[in-house]
Amino acid sequence: MRAAVFHAAGDIRVEDVDRPAGPAAGQVLVAPLWCGICGTDLHEYAQGPIVIPTTPHPLTAACGAQILGHEFSATVIETGAGVTNVVAGQRVSIMPLLSCGECYFCRRGLNHLCRVMAAVGLSYQSGGIAELAIVPAANVFALPDGVSDLQGAVVEPGAVAAYGVDTAGVRPGDTVLITGAGPIGALASLYAASLGAKVFVSEMNPVRAALVRGFDIGTVLDPGAIDVPAYLRDATDGIGVDAVIECSGNERALQAAIASVRSAGRISQTGLHTKPASIDPMVLSEHDITLSGTWCFPVTDWPRIIDLIERGRYPVEKIVTAQIAMADVVERGFETLLSPVGDQVKVLVSAASL
Ligand SMILES: [Zn+2]
Ligand SMILES: [Zn+2]
């Protein structure tokens, strides 16, 4: 079968690999439909292996060449013994996190913080940019007719963004700043708006700003042109916003978040910083500000996100800016997304020949 395989930084090949064996008991064989390329994949391509294991992974034994893709929808081809949650022919969305079920965090339902966590498409035998994949049945969630193949591939980043907004305790009527309108920031703006929040988004990149402006769910600000904290104080009678979802992983944005949030407000650090950032913690103290991080998503969130999509409350498909064939994944996917003049936000890859 054909698959997009990571070999080393700058070396992703679409090549023939062995068809996965199975499905064994408790496993499902699926044919991926659409698979998103994510920031983690881009980091692996640019500087990896980072998450991709170079020694056998303690949970999955995965090591070396890795089939990429962890944001995907698929059709069930065959189910292994004992699988009862899906049947052959059903369309599904894959929850990619794999956890041990036995460690301190797994025993407390915090499987996304498992001490030996692995992920489909990063540290596992299968990935979503392939003609076939094997996944545990517990990671497979049926899609109702009202959710498209494309939407099913955006459940994963949709869950990341929702967790960021939920962690900030956003309620209807709150004013919320979202810093950065990459895929997660753009999704966070859709989710916060669906909760009934008054949304502000700060984004310097004109392509990304235009995408979010097109959602028509709030005000898009250019932090290169205006003083965002001052603007937001003006817009809130000098109080500041109730919550900030920091989705850029950028020091200046985090500083703007702290300067923009009201006293007793909440900041959710959802974007990933790749280096230390300097902040003034005294401001957190003086103003009773809560600054909390989020990692991935609760692994139980798939049915809830799928239901929000089905009911039209969370139109995750709006962040998709290109759909390409697997054969083009390097040139039209990875290279375009990493290009400083690139104009893509979320690229989905099809395993079928387009
Ligand atoms: Zn991802
Ligand atoms: Zn665990």
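Laboratory data are not the source of any read-out in this text; all were calculated from the coordinates shown. Worth saying up front: this structure is predicted, and the values here are computed from it rather than measured. When we count neighbours, we look across all protein chains shown, and the Cβ atoms used for this are built from the backbone with ideal geometry, even at glycine.
Considering the stretch 58-87 alone, what residues qualify as being out of contact with any helix residue (DSSP H, G or I) (no Cβ under 9 Å at 6 or more places or on another chain) and more than 24 Å from R2 (Cβ to Cβ)? Outline the logic, then answer.
So the first thing to find is which residues in the stretch 58-87 are out of contact with any helix residue (DSSP H, G or I) (no Cβ under 9 Å at 6 or more places or on another chain), and the list is 58-65, 67, 76-78, 81, 87.
Across the stretch 58-87, the qualifying residues are P58, L59, A81, V87.
Among the candidates P144, P172, P206, P136, single out the residue that is within 16 Å of ligand 2 (Cβ to nearest atom) and surrounded by fewer than 24 Cβ atoms within 10 Å (Cβ to Cβ).
On the way: P144 fails: within 16 Å of ligand 2 (Cβ to nearest atom); P172 fails: within 16 Å of ligand 2 (Cβ to nearest atom); P206 fails: within 16 Å of ligand 2 (Cβ to nearest atom).
Only one candidate qualifies: P136.
When only residues in the stretch 85-100 that are small (G, A, S) and more than 9 Å from ligand 2 (Cβ to nearest atom) count, which is surrounded by the fewest Cβ atoms within 10 Å (Cβ to Cβ)?
It comes out as G89.
Would you pick out the residues in the stretch 118-151 that are part of a strand (DSSP E or B), in contact with a Lys or Arg (Cβ under 8 Å, 6 or more places away or on another chain) and more than 23 Å from I52 (Cβ to Cβ)?
Applying the first criterion (part of a strand (DSSP E or B)) to the stretch 118-151 yields 118-119, 130, 133-136, 140-142.
Next cut, in contact with a Lys or Arg (Cβ under 8 Å, 6 or more places away or on another chain) only: 130, 142.
Within the stretch 118-151, A142 is the sole residue that qualifies.
Does the stretch 101-112 hold any residues that are surrounded by 16 or more Cβ atoms within 10 Å (Cβ to Cβ) and more than 8 Å from ligand 2 (Cβ to nearest atom), and which are they?
Selection gives H112 alone.
What is the one condition in (1) within 16 Å of ligand 2 (Cβ to nearest atom); (2) part of a helix (DSSP H, G or I) that R115 does not satisfy?
Single failed check for R115: (2).
Which one of Y45, Y104 is aromatic (F, W, Y) and within 18 Å of A3 (Cβ to Cβ)? I'd like the intermediate steps shown before the answer.
Details: Y104 fails: within 18 Å of A3 (Cβ to Cβ).
Step by step, each of Y45, Y104 is checked, and only Y45 is aromatic (F, W, Y) and within 18 Å of A3 (Cβ to Cβ).
Just wondering, is there one or more residues in the stretch 211-225 that are within 19 Å of Q269 (Cα to Cα) and either surrounded by fewer than 18 Cβ atoms within 10 Å (Cβ to Cβ) or without any contact (Cβ under 8 Å) to a residue 12 or more places away in the chain (or both)?
no
Which one is nearest to A159 (Cα to Cα) among residues in the stretch 97-120 that are of a type outside the set (A, V, I, L, M, F, W, C) and in contact (Cβ under 8 Å) with a residue 60 or more places away in the chain?
Here is the first cut: in the stretch 97-120, the residues of a type outside the set (A, V, I, L, M, F, W, C) are 99, 101-102, 104, 107-109, 111-112, 115.
Filter once more, keeping what is in contact (Cβ under 8 Å) with a residue 60 or more places away in the chain: 99, 109, 111-112.
Working: S99: 17, G109: 17, N111: 15, H112: 12 Å.
The extreme case among them is H112.
Just checking, which of A243, A181, A186, A256 is in a loop (DSSP other than H, G, I, E, B), crowded, with 16+ Cβ neighbours inside 10 Å and in contact with a strand residue (DSSP E or B) (Cβ under 9 Å, 6 or more places away or on another chain)?
Numbers: A243 fails: in a loop (DSSP other than H, G, I, E, B); A186 fails: in a loop (DSSP other than H, G, I, E, B); A256 fails: in a loop (DSSP other than H, G, I, E, B).
Every option except A181 fails the conditions.
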